[in-house]
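Please read the structure below before turning to the comments.
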Amino acid sequence: MTEFDVIQLSRAVFIDELDALATSRSQDIDASSRRVLTELLLEMNELRKMTERVVVIAATNRIEDLDPAILRRFERTVFMELPDALNIEKIMKKKLWAVNHQLKEEDFTAIASRMVELRYSPAIVEQACKEAVMNALRNSIESFRIDKKSEKRVVLRPVAISDFTLPTD
């Protein structure tokens with residue numbers, strides 16, 4: 001497909017979390033899930049018959065769970081690698097740049113290494129950072145204090161490595 005073809009497209013469909021709709025039939029799935037998969041396969045066949053160009057793009061973090069029939073409906077499969085520890089650190093620092101934290105370089109490195117082991121996507125890394133901030137907030141509610149310069153400003157304790165609640169082995 002050329003750049004000109006992309007401009008001429010009249011429709012595009014994006015399906016996020018495709019694995020939620022198209023789990024492999026070889027797995028133990030219930031009747032309703034099987035009906036959803038069947039309907040999705042039928043609809044994708046109908047899209048091929050349309051005279052207008054329609055591009056279907058789907059995303060999943062669990063390609064191994066997809067039914068092979070759904071994979072055959074796509075012309076291309078593009079694998080996006082999960083971020084390495086260095087890029088996870090960059091994501092974390094970007095999400096926490098405006099947050100009062102006491103994380104040292106070695107803390108970022110340790111957390112990022114664990115996230116790589118857990119196969120965290122960028123979205124999950126961002127969510128983990130938000131949860132860490134919320135944990136710091138929850139854990140410091142009793143120690144709120146009003147700044148003497150401005151009675152409206154509440155100072156919370158800094159986010160610490162202990163605020164990241166990552167699964168352990």
Once both label points are put 7 Å beyond Cα along the C-beta direction, the ASN139-GLU43 separation in nm becomes 4.4 nm
Expected unfolding gain across GLU126-TRP97 under the 0.36 nm per residue rule, minus the alpha-carbon gap, is 9.2 nm
Between ALA69 and SER26, the two model label points (7 Å from Cα along the beta-carbon direction) sit apart by a distance in nm of 1.5 nm
For ILE63, the net charge from surrounding residues (Cβ-Cβ under 15 Å; K, R +1; D, E -1) works out to -2
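Return ASP65, ASP107, ASP16 ranked ascending by Cβ neighbour count within 10 Å, so the fewest neighbours appear first.
Taking fewest neighbouring Cβ atoms as first place, the list is ASP16, ASP65, ASP107.
Throughout, read-outs are computed from the coordinates displayed, never taken from laboratory work. On a predicted model such as this, the values are computed, not experimentally measured, just so you know. A quick note on method: Cβ atoms are made from the backbone with ideal geometry, for glycine too, and the neighbour counts reach across all protein chains shown.
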